[in-house]
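Data first, discussion second: the structure below is written as structure tokens.
Bear in mind these aren't lab numbers, they're just calculated from the coordinates by the rules spelled out. Quick caveat: nothing in here was measured; it's all calculated off a predicted structure. In this analysis, Cβ positions are derived from the backbone assuming ideal geometry, glycine residues included, and neighbour counts consider all displayed protein chains.
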Amino acid sequence: MIHHIAIATKNIERANHFYETVMGFSLVKAVKRKAPGGGWTKHLFYDMGDGSLFALWDLRGLEREAKLDPAGWRSGFSIGAGLPNWVNHIAFEASDADDFQRRTQRWLDHGYHVSVVDHEFIRSAYTLDPDGTMVEWAYRTHDLTDADRIEAAAILADDSPATEDDYEGVFTRSTVQKAGPGRAAA
């Protein structure tokens, strides 16, 4: 069980707007402390609606002692590591198909484009946060079985190239201009 996942952001105001207003999470705790090696941080914790937490790092002044070049590091869970944005991503769980639809529509209503993909055991919707981190709403379309576990073990052991194409999805472009810190309202 995960207590929280934390990611760094380049612009805390835009990230806070996204996770509070667009995602609908509640800011429930913040800690402001000196950082090891110099500088300071804000660590913001958001309740995702079920008591589990998601956190953002706001890094300040780390360039001095920690020798962190403010212009040299990239945020974004995956793109910051030099990977395509779909590799490292964060999937949040919607309770059912109706909740999934509400959350997907909320993204569109706030100006975020959405891709929806039906996987074999989950249905997923994807968008990018202001730092380029891919976020996902997913709901389970059926329970995993012993057959799924057996197939997983077989795939783990099989190093031959994949022969099945990637999942196809539906991309919906929002018609609403994004609003929030640093952006004009529609």
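Over the chain, with a Gaussian network built from C-alpha contacts below 10 Å, which listed residue (Val176, Val28, Val135) shows the highest mean-square fluctuation?
Val28
Taking 25 °C and 0.890 mPa s as the conditions, I'd like the Stokes-Einstein D for the chain in µm²/s, using the Kirkwood hydrodynamic radius from alpha carbon pairs.
Rounded to a whole number, D works out at 133 µm²/s.
Cross-link candidates for Lys178: which lysines have Cα within less than 28 Å, leaving aside residues fewer than 8 places away along the same chain?
Lys10, Lys29, Lys42
Sorted from fewest to most neighbouring beta carbons within 10 Å, what does the list Arg123, Arg106 look like?
Details: Arg123 19, Arg106 16.
So the residues, fewest neighbours to most, are Arg106, Arg123.
Would you work out which of His113, Leu56, Ala147 lies farthest towards the positive end of the dipole of the range 4-172? Charges go on Cβ: Lys and Arg +1, Asp and Glu -1.
So the residue furthest toward the plus end is Leu56.
Using only the alpha carbons, work out the radius of gyration and Dmax of the range 45-149 in angstrom.
Rg then Dmax for the range 45-149, in Å: 16.8, 54.
Full-extension gain between Asp159 and Arg33, please, as 0.36 nm times their residue separation minus the C-alpha to C-alpha distance. Please list the in-between numbers first.
Details: separation 126, 0.36 × 126 = 45.36 nm, distance 4.63 nm.
Difference between extended and current length: 40.7 nm.
Would you mind calculating the gained length between Asn11 and Tyr167 on full extension (0.36 nm times residue separation, minus the Cα-Cα distance), in nm to one decimal? List each step's numbers first, then the result.
Working: separation 156, 0.36 × 156 = 56.16 nm, distance 3.28 nm.
Taking 0.36 nm per residue and subtracting the Cα distance, the gain is 52.9 nm.
Please work out the FRET efficiency for the pair Asp50 and Ala179, using the Cβ-Cβ distance as r and a Förster radius of 30 Å; give the result to the nearest 0.05. Mind dumping the intermediate values first?
Details: r = 27 Å, r/R0 = 0.91.
Taking R0 as 30 Å, the efficiency between Asp50 and Ala179 is 0.65.
Give me the angle, in degrees from 0 to 90, between the Cα long axis of helix 146-157 and the longest principal axis of the Cα atoms of the chain, rounded to the nearest 10.
70
Could you give me the percent of Cα pairs per 5 Å distance bin for the range 9-52, shortest bin first, beginning at zero and ending with the bin that holds the maximum distance?
Distribution as computed: 6, 20, 25, 23, 14, 9, 3, 0 percent.
If I stretch the segment between Ala81 and Glu20 completely, what's the gain in nm (0.36 nm per residue apart, minus their alpha carbon distance), one decimal?
Computed gain between Ala81 and Glu20 is 19.4 nm.
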